[in-house]
Amino acid sequence: MPSTQKPMRYGHTEGHTDVFFNDTGSCIVTCGSDGDVRIWENLDDDDPKSINVGEKAFSCALKNGRLITAVSNNTVQIHTFPEGAPDGILTRFTMHVNHVTFSPDGTKVAAGSSDFMIKVVEVTNSSKQKTFRGHDAPVLSLSFDPKDVYLASASCDGSVRVWNLADQTCTKSWLLLQKCNDVIDAKSICRLAWQPGTGKLLAVPVDKVVELFRRETWDSKFNLSDASITQPLNVVVWSPCGQFLAAGSVDGNIVVWNVETQQCIERMKHEKKYSICGLAWHPKYKQIAYTDTEGNLGLLENIGDVEKPNDKVASAVAKDYNDLFDGDDDDYLNGDMIEPPSSPKTGENEDDADDLMQPPGHNDDDDNSLDIGLIKASSGLLGKEDDGDDETGGFSALPPSSTQQPFYDGPMPTPRQKPFQSGSTPVHLMHRFMVWNSVGIIRCYNDEQDNAIDIEFHDTSVHHATHLPNSLSHTMADLSTEAILLACESTEELASKLHCIHFGSWDANKEWTVDMPKDEEIEAICLGQGWAACATTALLVRVFTVGGVQKEIFSLPGPVVSMAGHGEQLMVVYHRGNFLLLPFFELGLFTVLTSHWLLTLVNLFVITRECFLLLHGVSAFLGTPCYVDSEGIVQMLNRGLGNTWIPVCNTREHCKGKYDHYWVVGIHENPQQLRCIPCKGARFPPTLPRPAVVILPFKLPYCQVETEKGQMEEQYWRSVVFHSHVDYLSKNGYDFDENAKNQAVKEQQELLMKMFALSCKLEREFRCVELADLMTHNVVNLAIKYASRSRRLNLAQRLSEVAVEKASELAAAQEDEEEEEDFRQHSNAGYSSSATKWGQLPGRNVQQDQEVEDAEEIDACEEAEETPEVHKESKKKYVSPSKKDPVAPSVNILDNMTKYSKKTSSSGSRAVNKQNLPVIKPLTPKPKTKQVLAASFFQARTAASNSGEKIVEQREQKAGNESQETKVTAQENTENRRPKTGFQMWLEENRANILTDNPDLNEAEVIKEGMSRFRMLTSEERMVWTEKARGGSVGDSAEDKKRKRPTAEEDEVKKSQEQKSEDTNVSKKSKPLDPSTNNRLSSFAFKQS
């Protein structure tokens, strides 16, 4: 198969970067100008181990578990590998060291410096060193002879020299390079290399070609070049077998030759044409790792696979392969010699015998492939080893496999994720964050100079910054507004400890420590309001008070993964096995103060087998459980959908590079913010300098969010999800800000109304009805008016039916609520479970006035709700203009939806139950005045006899406190008689006919039937009734005054006089002791028809 080039990734800061593999090829090691040596498990490793060796690292080498680095303090240092522990200074120079390299046996190190000197030092005894002088400029590169006889060097003086290691003399010198004064001015760093094994050839990059010199004779054998090379070559490197040679140029080209045939077999161009400054060949496989001067790391795979194998070997292998099936196939395959490979990834039928064996030359890297080397070994084809491979061979097609490997025909389970602390960076880092949350930051420094913990608070009024010694080597920490919680692992002498610093305590003793039982390690810790908790290896969760009192202990169903606390809620994530080869977690929610489980069996899934949990916690505002996985997906618990998880943000969409990530430090519902730290080329940020926090928006993965419809749908359901936790809190007796809830409801209803208008424009009337099902009763009324103005009569009729259903639902809900709770609790605006009794309120008169106002609005509240802003004049004309009425001056229905939801709807619903009258909605685009008149007329006919007397009494009671307003209100109510419309007059005369034809109709259905029949009249007939209504309105009003008004006025005046006399007596007494108002309000509220 052809070679493949993987995308490059960020490795170090800008500058010279070196790269090589370890002895076994299991990891890639790089060093750069940032002073770090990073150990990568593979190119996709997002969390490489980092070893800081100095301010800047110029070169490094690795052999036999020893890491040699040339750093900016002019020294060559030794570190252990892979631990990274310092092991001393090998040698010193007067200027920077430009290149270091190991001898083939790893016993000596050669270093070349800008002070023109070369030193060869023994690793075990640095006092034994040899100095080579002769260059007249800084040394660029060095290379040991594989037979440990010679040392080759290149310098800025333009010369390439071969030194004899025994007598420290220069054996041969060529003037091949362009002269310069310093390494930074050199056109090429000229990294030369000896051929492995025999050392017969020395490869030197000279301008655009590679010159190869013979050993001993030191003459030029031949040159390797290619047309794709247009700039000088920087570095050359041999394959471990010595058959291939790779070179990298300053313009980003990598070329691979077959030295025996002198043919170019691979060409690669850098993505951005940066200079290639490091090349390393994998010791076993056909891979080349490379770095550039911008600090990026890349990988080439399957180098040289285009080459055909030797015909003789291929035919022998094919013959031996075919012989496998000469006899009884089943007996042979069931034998002990070769295990049949399994192919779970292919998904083919296992009974297909042809799929059990791969054809010759097949190159597959999975462990279940057939080992061609094993077949050849069994047939005696590989009798020659050692030097024979150098002549004929390249690489083995596959990594060596053991014949003793147990056979397993099935997928392997996913490794179990280790416990982690939310908001922390990996423990192996010397400088790390132990926790970063909404309260503050805890940093840990563990190096040669200091082993300490720094604590910083975002709000300094909580507590001042603190510096603590880390003598016990604490590895876990959590921070709250009350305390600091630390935990450490056990040692041979000490047990695992939980240490708490209760800085919020009022006494002098603010610290306490608890030792865990023997052989029990702390794996996760967390803090809440007044408590602390830890999870241990014994599958136990231990709960303590913040003062140190031990409380509950309970077992977990599986090993803990992470813990988080918020208020009195404790959340624990633990393992529950594997499901469909994916890690399967479970979350448990425990209330510490009441000591009971609120929620269990909430499953957490990750996307792929390689994915793992990165952060688990709760939102800072409402305490909603949430978690982040390694793919950058932020999931939040949706309690409104059966405790399911919903992705609310994908941080990978905001990353600029493939290997960039965002480290999440905070989640907030109000405002909707995801607080993260951008990490370039890594998963976790450095501790210094302090990283900057950025805010990412939440976005649910809905379809077609680029369209207007998709955007509004995403915004609506995001608001619903983010505020579903408020309902959960209200049901469980928690206090919260009702204004936030009201604002969310208002926002949701506005979005629904916008989607309704958009659907109307697109003529999607069925979709409009679906949206109306999600609206509140008040917004449905607004939607009916919008449909009427849009002349969509069928839609308005459908919406009227929806409005009737919602009104009946509100009435039924109100009845249920009245049975369970006292009516006086409606005065409380919050969702708190501890409601205040009516008689205990100090401001009782204010709430009495509010109830009186609600009673006054029984007939006019729906008109006030339905009237939009553009019809202010009509509203002022037909609605009672009481200045103290909070509903009458409303100009926007959406601004007052939450205000109506408690009181107005409940009063209206009781009126509906008494009269069985639904709200009359316009089915034709009639003038506003006629619709309001019709609705008020029919509502007055049925409601006046039942509730008129009570309303008058309550108005008079309110007038006892404010006599002037009572006079104005009584006068306005007396004059507020509305003229009849043509339809009303027609219905009065034809009501008997409608009831004769349909005796089972109630009042609402009679009105609907009457409206249908009235619309069937001709326009001339309707006009006659309209003119009759206009002409007779004056007469009717006069006749009403003659027949009805005097009686009503006399009764009202009489009652007013009686009420004034009572108020005069009552005013002399204390108002809270007067029971008349409560009795009247109660009788009005609970009166049944």
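The values are calculated or read from the model by the stated rules, or taken from the named source; none is laboratory data. As the structure is a computational prediction, the values presented were derived from the model and not from experiment. As a convention, Cβ positions derive from the backbone with ideal geometry for all residues, glycine included, and neighbour counts pool all protein chains shown. The protein model used for the area step is the full one, side chains on, heavy atoms only, and it has no ligands, DNA or RNA in it. Shrake-Rupley method; radii C 1.70, N 1.55, O 1.52, S 1.80 Å.
Please report, as a whole percent, how much of the solvent-accessible surface of segment 45-166 comes from carbon and sulfur atoms (probe radius 1.4 Å).
46
Please work out the average accessible area per residue across segment 90-169, using the 1.4 Å probe convention, and give it in Å².
Details: 2790 Å² over 80 residues.
Accessible area per residue, segment 90-169: 35 Å².
Length gain on complete extension for the stretch Glu1003 to Ser555, per 0.36 nm per residue less the alpha carbon to alpha carbon distance?
Stretched fully, the Glu1003-Ser555 segment lengthens by 154.8 nm.
Just subtract the alpha-carbon distance of Lys518 and Leu468 from 0.36 nm times their residue separation and send over the number in nm, one decimal.
This chain segment gains 15.3 nm when fully extended.
Under a plain spin-label model, where a point goes 7 Å from the Cα along Cα-to-Cβ, how far apart in nm are Thr1018 and Val693?
A separation of 7.8 nm, rounded to one decimal place.
Determine the per residue accessible area of segment 631-688 with all protein chains present and a 1.4 angstrom probe, expressed in square angstrom.
Numbers: 2380 Å² over 58 residues.
With the other protein chains kept in place, segment 631-688 gives 41 Å² per residue.
For segment 1-155, calculate the relative contact order in percent as a whole number, restricting contacts to Cα pairs under 8 Å that are 6 or more residues apart. Present the calculation step by step, with values, prior to reporting the outcome.
Numbers: 379 pairs, mean separation 19.0, N = 155.
It rounds to 12 percent for segment 1-155.
Please tell me which of these pairs span more than 25 angstrom C-alpha to C-alpha: Lys418/Lys699; Lys656/Lys709; Lys49/Lys418; Lys49/Lys128; Lys754/Lys806?
With Cα atoms farther than 25 Å apart: Lys418/Lys699; Lys656/Lys709; Lys49/Lys128.
May I ask you to derive the FRET efficiency for Glu14 and Thr230 from their Cβ-Cβ distance with R0 = 25 Å, giving the value to the nearest 0.05?
After rounding to 0.05, the efficiency reads 0.60.
Using the structure shown, list the pairs from Lys147/Lys221; Lys108/Lys272; Lys761/Lys1028; Lys179/Lys284; Lys741/Lys785; Lys130/Lys680 with a Cα-Cα distance above 31 Å, or answer none.
Where the Cα-Cα span goes over 31 Å, the pairs concerned are Lys108/Lys272; Lys761/Lys1028; Lys179/Lys284; Lys130/Lys680.
I need the GluC sites (Glu not before Pro) found in segment 1-56, filtered to DSSP loop residues with at most 13 other beta carbons within 10 Å of theirs.
Qualifying residues, ordered by number: Glu41, Glu55.
Sketch the reach of a paramagnetic label on Asn302 as a point 7 Å from Cα along Cα-to-Cβ, and name the residues of segment 1-24 whose backbone nitrogen lies under 18 Å away.
1-8, by backbone N distance to the label point.
Stick to Cα atoms and the Kirkwood definition of Rh, then tell me Rg/Rh for segment 86-179.
0.95
What's the FRET efficiency of Thr537 with Asn223 using the Cβ-Cβ distance as r and R₀ = 60 Å, to the nearest 0.05?
Plugging the Cβ-Cβ distance into 1/(1 + (r/R0)^6) gives 0.40.
Set the Förster radius R0 to 25 Å, insert the Cβ-Cβ distance between Asp450 and Thr80 as r into 1/(1 + (r/R0)^6), and round the FRET efficiency to 0.05.
That gives a FRET efficiency of 0.75.
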